[in-house]
């Protein structure tokens with residue numbers, strides 16, 4: 001009998017403790033959990049997360065400066081959270097709003113198809129904030145390590161499987177803040193990010209520079225969308241890689257209706273075309289849509305240059321004057337060896353399917369860069385909107 005009473009009192013005490021903990025968590029005025037020394041303020045989100053885990057949940061957070069997740073720290077963002085960058089007065093470069101994950105830090109974006117996470121700006125126009133920057137420890141060809149052109153964080157290393165966290169169902173809007181013509185944020189910038197990182201279901205919407213850019217690394221990326229339609233603040237490329245990226249891309253859909261540049265700009269290393277590791281991604285299920293009638297010098301669906309390799313399969317290209325533009329001896333040479341190749345390509349409203357230029361400016365025949373297949377489905381629905389992109393994206 002004494003044993004039973006003791007047990008009952010023990011259960012009651014446990015229930016009260018659980019209730020107290022639950023109430024304490026729910027009563028967080030900032031709407032998020034925090035096992036870190038970082039002071040969380042949903043109306044003034046900025047600073048360095050140096051330790052522990054910071055959890056953002058329930059509603060909107062105002063990004064008022066740079067938010068940097070340091071080594072061994074973690075930023076978790078729950079479904080439906082909106083992070084809104086406040087307006088930046090002109091010239092206040094030290095207060096540029098962006099989110100960056102340092103080497104050894106992690107991000108966990110837990111959006112869903114019906115409740116994505118949104119990173120946006122108060123001012124609804126391209127270039128109003130920085131965007132999201134990941135810096136990992138995977139190989140690059142700019143040196144053993146380097147300093148990111150935005151955030152100045154170190155990136156690169158030898159860990160092919162480095163893990164910067166997980167990003168699922170995220171929409172990045174109005175990014176691309178520009179310090180100058182040589183230093184400009186993208187939507188999602190991946191500097192030496194490793195294959196242990198998950199990147200799935202991410203949209204870059206109305207940014208003023210590239211939607212997605214890889215600076216070396218080995219990370220894979222699936223279900224990506226870029227939309228550029230703003231007629232005044234035009235962007236650069238939909239997708240871009242350089243510095244030895246060796247990952248896999250699957251199910252990419254990019255569309256622009258303005259005078260922004262290429263669908264894909266693909267480089268190895270502009271200073272040393274043979275720098276190792278050589279950029280050599282595999283891209284499967286790709287749709288790129290442009291505006292063939294827009295007069296500009298860089299209106300290509302896919303530009304491959306300065307020594308990049310790549311393998312493409314199941315590609316739909318629509319509305320570009322040029323489909324594949326291959327430049328420089330090294331990349332032209334990879335067409336001949338089959339190391340730069342696109343199989344099962346469908347062209348719609350593409351005037352010139354392939355164009356080649358040697359390093360000395362002379363023309364090169366690169367017709368072997370593609371094989372044509374009018375049954376190609378690209379990102380899933382030809383030049384139409386893929387079913388996997390509906391619901392959580394904007395502007396399609």
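Of all DSSP beta bridges confined to segment 35-389, the antiparallel ones make up roughly 5%. Could you work out how far the C-alpha centroid of segment 202-243 sits from that of segment 343-387, in angstrom? Cα centroid to Cα centroid, the span is 20 Å.
The packing ranking of peptides 347-358, 96-107, highest mean first, is 96-107, 347-358, where packing means the average number of other beta carbon atoms within 10 angstrom of each residue. For the pair residue 276 and residue 149, a Förster radius of 30 Å applied to the C-beta separation gives a FRET efficiency near 0.90, rounded to the nearest 0.05. Per residue, the Cα convex hull of segment 267-370 amounts to 89 Å³. Label-to-label distance for residue 180 and residue 259 is 2.5 nm, based on points extended 7 Å past Cα in the beta-carbon direction.
Stretching the chain fully between residue 220 and residue 311 yields a gain of 31.4 nm (0.36 nm per residue, less the alpha carbon separation). I'd like the distance separating the alpha-carbon centroids of segment 173-201 and segment 27-98, in whole Å. Distance between centres, Cα-based: 18 Å. In this simple spin-label model, placing a label point 7 Å from the Cα along the Cα-to-Cβ direction at both residue 71 and residue 113 gives a separation of 4.1 nm. Panel order for 190, 274, by other beta carbons found within 10 Å of each beta carbon, from fewest to most: 274, 190.
Of the residues 273, 328, the one with the fewest other Cβ atoms within 10 Å heads the list, and the complete ranking is 273, 328.
Take every Cα pair under 8 Å whose residues are at least 6 apart in sequence, average their separation, divide by the length of segment 256-361, and the relative contact order is 27 percent. By other beta-carbon atoms within 10 Å, ranking 191, 312 with the fewest at the front produces 312, 191.
Per the Debye formula on identical point scatterers at the alpha carbon atoms of segment 324-382, with no solvent, log10 I(q)/I(0) at q = 0.15, 0.17, 0.25, 0.28 Å⁻¹ is -0.47, -0.58, -0.98, -1.11. Tilt of helix 2-26 relative to the longest C-alpha principal axis of the chain, in degrees (0 to 90, nearest 10)? Tilt relative to the chain: about 50 degrees. Based on every Cα atom in the chain, Rg and the maximum pairwise Cα distance Dmax equal 22.9, 97 Å.
We did not get these values from a lab; they are worked out from the coordinates using the rules stated. Quick caveat: nothing in here was measured; it's all calculated off a predicted structure. Here the Cβ is made from the backbone with ideal geometry for all residues, glycine too, and neighbour counts use every protein chain on show.
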